[in-house]
1. Looking at I80, I106, can you tell me which residue is crowded, with 17+ Cβ neighbours inside 10 Å, over 17 Å from G19 (Cα atoms), outside the structural domain of I25 (by TED's automatic domain parsing) and among the hydrophobic types (A, V, I, L, M, F, W, C)?
2. Does S101 qualify as being in the same structural domain as V135 (by TED's automatic domain parsing), more than 22 Å from V135 (Cβ to Cβ) and either of a type in the set (K, R) or in contact (Cβ under 8 Å) with a residue 12 or more places away in the chain (or both)?
3. Select from the stretch 97-145 the residues that are over 17 Å from S46 (Cβ atoms), at pLDDT below 85 and among the basic types (K, R) and list them in ascending order.
4. What is the one condition in (1) assigned to a helix (DSSP H, G or I); (2) farther than 17 Å from A51 by Cβ that V145 does not satisfy?
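The values are calculated or read from the model by the stated rules, or taken from the named source; none is laboratory data. Quick caveat: nothing in here was measured; it's all calculated off a predicted structure. In this analysis, Cβ positions are derived from the backbone assuming ideal geometry, glycine residues included, and neighbour counts consider all displayed protein chains.
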Amino acid sequence: MEGALQTPAAEAQVRAFAGSDGYQIRLHDDRVEFTGGEGSRTLWGSIPLSAVTGMAIDQRPRDRGLLAWGLLGLLAALGIFAVASNDNVRNLGAFAVAAISGGLLIQYYFRPPGLQLVVQAGASARGLPIKASDVSEAKAFALDVMQARDRLSAKAEPAAWRRLPSYPIA
């Protein structure tokens, strides 16, 4: 159909991979896009395929927010115990805050960190959380990204210095 609008070849989506927590990574002909999050479908990152230097499946770092809130809660429990004038408020309040903080600290130390699909572009890297059951699919997606990058670099025009005439060395 001649009258129909066509999307440019650069906009064609080749493949998509859904990570955990609503995150998604999409492979296009010329770039890799990161979308989503918890309840969100917005684009939050894009890397040109020519800039991708590698992909890996790695462990996610632990959530340090649990550690920070746990320690702050323990300090708050000590503060409640030291400041409260009523014995019931002092004991029950300090115990409740310390119990919640202890739960956060236990979660920090005993929760497994999880996995992520990491796209490396030079010195920077972006990670997408994945489930342990999706590792084989993530490996296949990473292989597709690297093959698309190789195809794109093979199509690229050779560097300017390669087109210069070569002269024999006397």
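1. Details: I106 fails: crowded, with 17+ Cβ neighbours inside 10 Å.
Of the residues listed, the single one that is crowded, with 17+ Cβ neighbours inside 10 Å, over 17 Å from G19 (Cα atoms), outside the structural domain of I25 (by TED's automatic domain parsing) and among the hydrophobic types (A, V, I, L, M, F, W, C) is I80.
2. Working: in the same structural domain as V135 (by TED's automatic domain parsing): no; more than 22 Å from V135 (Cβ to Cβ): yes; either of a type in the set (K, R) or in contact (Cβ under 8 Å) with a residue 12 or more places away in the chain (or both): yes.
The answer is no for S101.
3. Within the stretch 97-145, R111, K131 meet the criteria.
4. (2)
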